[in-house]
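The values are calculated or read from the model by the stated rules, or taken from the named source; none is laboratory data. All of these numbers come straight from a predicted model, not from anything done at the bench. Methodologically, a virtual Cβ is constructed for each residue, glycine included, from the backbone with ideal geometry; neighbour enumeration extends over all protein chains shown. With ligands, DNA and RNA removed, areas are computed over all heavy atoms of the protein, side chains included. Shrake-Rupley method; radii C 1.70, N 1.55, O 1.52, S 1.80 Å.
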Amino acid sequence: MMRWLVLAVFAIFGLAQPPAAHESRPAFLDIREITAGRYEVVWKRPMRGDYVIGFTVGWPEGCTPTVTNESQVPGASVTRMMLDCGAKGLAGGTIMIGRLPETSAEVLVRVGFADGTSQTRLLRPASAVMTVEGPQGAPAVGAEYLRLGFDHILAGIDHLAFVLGLTLIVGGGWKLVKTITAFTVAHSITLALSTLGHVRVSQAPVEAAIALSIVFLAREILLIRQGRAGLTSRAPWLVAFVFGLLHGLGFAGALREIGLPQGDIPLALLAFNLGVEAGQLAFVAVVLSVVALGRRLFSRPLPEWIGQVPAYGIGTVAAFWTLERILAA
């Protein structure tokens, strides 16, 4: 049994991350046409402490930006401006994000046109330039939000910690499939309700509670190592569903910052959820592969206390996140 090995790797990885690690949220450039050739722009850049990531926007030739307001919200700097591109407008022009190739970050650019259609593009360090071609079809919108969901779950170390805990407690087989499905269904519900504005909760307590849910699973892992069955062992789907509702509110915090294209809200929401699910399944597949490999490489049983160390490590990191997020609220 090599569960302790997977836990050890994850514990080391978790300790190597910034203490407040949650997820890497992209910068967001929202451009909305208000009249022919004139646009209202919201430029949201992530902050690390008091430092604003120094991205710049290179506008097409003939476009003149005028800053109207600058402010800060939790974790981001927001600049509002008016953009005048004359009679030609943005169509056919290129938008470039300066300093993006020097980072590992991403920038989501959305251009909303006066007729209600839009074009969305996720810019990465290797492709920091976007050509404004006009409205996107449904497949392009779905592909962008599918990628956003996939990236979001893989960058969210606390969400992955919870999925890892479920996997190690439940094991493989149909029981794990049903458990992960319950988690997915639950977070899809609260993600949709929160993103669409039907449920409003403060994000800070949600983030603290998510960290606390990992502490709970760390304790459940220790119970298994001690030969006792915890609640997760007895009813994994119930634990996954209840905490999935909580994690969905965490996903919604990032999606609300990014926003949804007004003409394709159901599609974008579905694609984001599918991306999150795909990321979860890919992560679970890696964990199970490592466990299977460990069983082949190590046949001798290890001392019992070694199996408990990683669980204490994960629980300690999650407890620290909990306290930090409570104090930051």
Given the candidates GLN226, HIS198, TRP43, the one whose Cα lies deepest towards the positive end of the charge dipole of the chain, counting +1 at each Lys or Arg C-beta and -1 at each Asp or Glu C-beta, is GLN226
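Using a 1.4 Å probe and counting only protein heavy atoms, arrange GLU70, GLU220, GLU61 so the residue with the most accessible area comes first. Each step should come with its number before you reach the end.
Values: GLU70 130, GLU220 5, GLU61 190 Å².
Sorted descending by solvent-accessible area, the residues read GLU61, GLU70, GLU220.
Quick one: if the Förster radius is 51 Å, what FRET efficiency do LEU231 and LEU267 give, using the C-beta to C-beta distance and rounding to 0.05?
Details: r = 37 Å, r/R0 = 0.73.
Taking R0 as 51 Å, the efficiency between LEU231 and LEU267 is 0.85.
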Can you give the accessible area of SER77 in Å² (nearest 10), computed on protein heavy atoms with a 1.4 Å probe? 10 Å²
Taking the dipole of the chain about the Cα centre (Lys, Arg +1; Asp, Glu -1; charges at Cβ), the one of VAL291, ALA128, ILE157 that reaches farthest to the positive side is VAL291
Using a/c under 1.5 as the rounded threshold, could you call region 157-201 rounded, prolate or oblate? The axes a ≥ b ≥ c are square roots of the C-alpha gyration tensor eigenvalues, and prolate needs a/b larger than b/c, oblate otherwise. oblate
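Taking the Cα centre of region 118-244 as origin and charging only Cβ (+1 Lys, Arg; -1 Asp, Glu), how large is the dipole, in debye to the nearest 20? Mind showing how you got there, number by number?
Details: 10 positive and 6 negative charges, 98 e Å.
Computed charge dipole of region 118-244: roughly 460 debye.
Work out which helices of the chain, taken as complete DSSP H runs, extend at least 27 Å along their axis over the Cα atoms and score a mean Kyte-Doolittle of 0.5 or more, then list them.
Values: long enough: 173-195 (33 Å, 0.85); 203-225 (34 Å, 1.37); 236-258 (32 Å, 1.32); 265-297 (48 Å, 1.62); 304-328 (37 Å, 0.69).
In the chain, the long hydrophobic H runs are 173-195, 203-225, 236-258, 265-297, 304-328.
Within region 83-205, what whole-number % of the accessible surface is contributed by carbon and sulfur, with the 1.4 Å probe and all protein chains included in the calculation?
Carbon and sulfur: 61 percent of the exposed surface of region 83-205.
So, with +1 on the Cβ of K and R and -1 on the Cβ of D and E, and no other charges, what is the size of the charge dipole of the chain about its Cα centre, to the nearest 20 debye? Mind showing how you got there, number by number?
Values: 26 positive and 22 negative charges, 240 e Å.
It comes to approximately 1160 debye.
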What is region 54-101 by shape, rounded, prolate or oblate, if you read a ≥ b ≥ c off the alpha carbon gyration tensor as root eigenvalues and call it rounded for a/c under 1.5, prolate for a/b larger than b/c, and oblate otherwise? oblate
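Antiparallel versus total DSSP beta bridges in the chain: what percent is that, nearest 5?
Here the antiparallel bridges make up roughly 85 percent for the chain.
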Straight distance only, please: which aspartates and glutamates reach the Cα of LYS175 with their own Cα at less than 20 Å, same-chain residues fewer than 8 apart left out? GLU220, GLU277
Ignoring ligands and nucleic acids, what accessible area does PHE243 show with a 1.4 Å probe (Å², nearest 10)? 50 Å²
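Once you sort the root eigenvalues of the Cα gyration tensor of region 74-182 as a ≥ b ≥ c, which label holds: rounded (a/c under 1.5), prolate (a/b larger than b/c) or oblate (the other case)?
Working: a/c = 3.07, a/b = 2.16, b/c = 1.42.
Prolate is the answer for region 74-182, as a/c is 1.5 or above and a/b outweighs b/c.
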Roughly how far apart, in whole Å, are the Cα centres of region 198-247 and region 52-121? 39 Å
Cut-off 10 angstrom, C-alpha nodes, Gaussian network model of the chain. Which of GLY149, GLY244, GLY171 fluctuates the most? GLY171
The chain, relative contact order in percent, only Cα pairs under 8 angstrom and at least six apart counted: 23 percent
Using modelled amide H (1.01 Å from N, peptide plane; none on Pro or chain starts), what sits under 5 Å from the amide H of GLU106, excluding residues fewer than 5 places away? ALA27
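At 1.4 Å probe size, put TRP174, TRP43, TRP237 in order of accessible surface, largest to smallest.
Working: TRP174 195, TRP43 10, TRP237 145 Å².
Sorted by accessible area, descending: TRP174, TRP237, TRP43.
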Connecting every pair of Cα atoms under 10 Å apart in the chain and solving the GNM, the largest mean-square fluctuation among VAL290, VAL107, VAL276 falls on VAL290
Determine the gain in length on full extension of the stretch THR56-GLN308; use 0.36 nm per residue of separation and subtract their C-alpha separation, reporting nm with one decimal. 85.9 nm
Which distance in nm do the two modelled labels at GLU102 and VAL290 give, with both placed 7 Å along the Cα-to-Cβ direction? 3.4 nm
With a 1.4 Å probe and all protein chains kept in place, how much accessible area does ARG295 have, in Å² rounded to the nearest 10? 120 Å²
